[in-house]
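Working notes, structure below.
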Amino acid sequence: MKAKSFFAILSILFVSNVYAQEAPKLQVSPSGRILMDGALYASPQKELFPDGVAIPEVRLGAKFKYGNWSASMDVCYAYAKIGLRNMWIEYGFNDHSAIRFGNFIHQFGLHATSTSLKSTFEQPLANALFTPSLQMGAMYVNYSKHFFGAVSAHVESNARTNIMNSPSFNQQGYGFLTRLVWRNAAPDRPVFQTGISGGFATPQRHLVGDVDVHDGFAISANFPTKVAQVEAIGTTVANSKNLFKLSPELLLSYDRFALESQYFFQQINRRGGLHAFRAQGCYATLRGIIFGDRYSYVSSTALVSNPKNKTLECVLNYNYATLSDSKAEIWGGRSNSFNVTFNYYFNPYITGRLNYTYTHVWNREGHDPMTLNGFQARLMLLF
């Protein structure tokens, strides 16, 4: 009897121990980033570009994981304003597919990632115009050895502030995005990747003077610097029905070299017999490692990752964008931009950047042509 009781107790302890080992544990890790910038400018419009230093962004947050569930949230302080940024919950069906809900950057092209993970000092101006930033919605991602696919639905970014306002909520714009990629990637072999992204959206909220309207799209992008916040090109397309956009992409990478390129086409259909408005843009980025680590490819995001430790990288970028369409009689401006950036990765958490940028904008109604030569430096903490 005693032996039976002893073995029964051992069995209970064994089962309890197995269950304890199999039960998932909540994992919590802090996250954040700090950007510290300095800039010197040369421009015919020098009064708009004062030299200076700034801390343009500070983010603090946390990431959570429990079994197949994960989540992230962070608070951002930028330009004397505090707000929530990334805030999402994700469920992973397996190692290659997941669905995400919340406020986050949806997949669209090669720059659908955090600012701190981009190789250029600032994202290409064309990308800033046509690639969505943080938006509320849901996204499903599935990938395999040769394929990556993402599809998402979202509401307009103003939803975060207008959701309690009944008239704005009833008119809330929505949209859909997708990114499809085919790649030939294997360890220690060249990476070739091609893909296409597409999007559809309904009119969004924007201001006409002091009047809050919901019948168009406001499109704009700043000069590629954070110390001086100056709009480069931009326009508002009113009386709109919907928006369509397409963006093919190309990625080549091997060892210490990588080439990234993307083209953007966007059409806004308008009401009242008005001609559709068409905008375009493109960029090409050439990356090379002078010394240090090699590039690696990340299958889960279909992107080349940044180097980690004691690595010096040179990045060359050219981009062009136009928001001027003579048939639609809209003149939002054209831009040419070239920049070179040297990135030094001290360790996985700290990166130093030196940058020269040249940007010229013209053909914008009500604005004279503008030119900027900028010399910038950044120290970035990322964890």
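Please tell me if ALA276 is within 30 Å of ALA98 (Cα to Cα) and in contact (Cβ under 8 Å) with a residue 40 or more places away in the chain.
no
Against the conditions (1) surrounded by 13 or more Cβ atoms within 10 Å (Cβ to Cβ); (2) among the hydrophobic types (A, V, I, L, M, F, W, C); (3) at pLDDT 90 or above, where does LEU26 fall short? Just the number, please.
Among (1) surrounded by 13 or more Cβ atoms within 10 Å (Cβ to Cβ); (2) among the hydrophobic types (A, V, I, L, M, F, W, C); (3) at pLDDT 90 or above, LEU26 violates only (1).
Within region 320-340, does at least one residue satisfy the condition of being closer than 30 Å to MET139 by Cα, in a strand (DSSP E or B), hydrophobic (A, V, I, L, M, F, W, C) and touching a residue at least 40 places away in the same chain (Cβ under 8 Å)?
yes
Are there strands (runs of 3 or more DSSP E) fully within region 32-128 with at least 2 residues that are free of Cβ contacts under 8 Å to residues at least 12 places away in the same chain and out of contact with any Ser or Thr (no Cβ under 9 Å at 6 or more places or on another chain)? List them. Can you show your working first?
On the way: elements: 52-66, 69-78, 81-94, 97-105.
Output list reads 81-94.
How many residues, within region 182-212, are at pLDDT 90 or above and basic (Lys, Arg)?
Total meeting the criteria: 1.
What number of residues within region 279-301 satisfy the criterion of being in a loop (DSSP other than H, G, I, E, B) and either within 17 Å of LYS118 (Cβ to Cβ) or under 19 Å from the mean Cα position of the chain (by Cα) (or both)?
So the count comes out to 4.
What single numbered condition from (1) surrounded by fewer than 18 Cβ atoms within 10 Å (Cβ to Cβ); (2) modelled with pLDDT of 95 or more; (3) within 18 Å of SER152 (Cα to Cα) fails to hold for ASP51?
Only one criterion is unmet by ASP51, namely (3).
Just checking, does region 339-348 include any residue being touching a strand residue (DSSP E or B) at 6+ places or on another chain (Cβ under 8 Å) and farther than 21 Å from ILE34 by Cα?
Within region 339-348 (the criterion being touching a strand residue (DSSP E or B) at 6+ places or on another chain (Cβ under 8 Å) and farther than 21 Å from ILE34 by Cα), the answer is yes, since at least one residue qualifies.
On the basis of being of a type outside the set (Gly, Ala, Ser), surrounded by 15 or more Cβ atoms within 10 Å (Cβ to Cβ) and at pLDDT below 95, does ASP215 make the cut?
Yes: the conditions hold for ASP215.
Can you name every residue in region 219-241 that is touching a residue at least 12 places away in the same chain (Cβ under 8 Å), outside any loop (DSSP other than H, G, I, E, B) and under 21 Å from SER337 (Cβ atoms)? Give the steps one after another, and end with the answer.
First, pick out the residues of region 219-241 that are touching a residue at least 12 places away in the same chain (Cβ under 8 Å): 219-230, 232-241.
Now restrict to residues that are outside any loop (DSSP other than H, G, I, E, B): 219-222, 232-237, 240-241.
Scanning region 219-241 gives ILE219, SER220, ALA221, ASN222, ALA232, ILE233, GLY234, THR235.
Return the total of residues in region 67-121 being β-branched (Val, Ile, Thr), over 30 Å from PHE342 (Cβ atoms) and in contact with a Lys or Arg (Cβ under 9 Å, 6 or more places away or on another chain).
2
The values are calculated or read from the model by the stated rules, or taken from the named source; none is laboratory data. Fair warning: this is a prediction, and the values are worked out from it, not measured in the lab. Glycine gets a Cβ as well: all are built from the backbone with ideal geometry, and neighbour counts include every protein chain shown.
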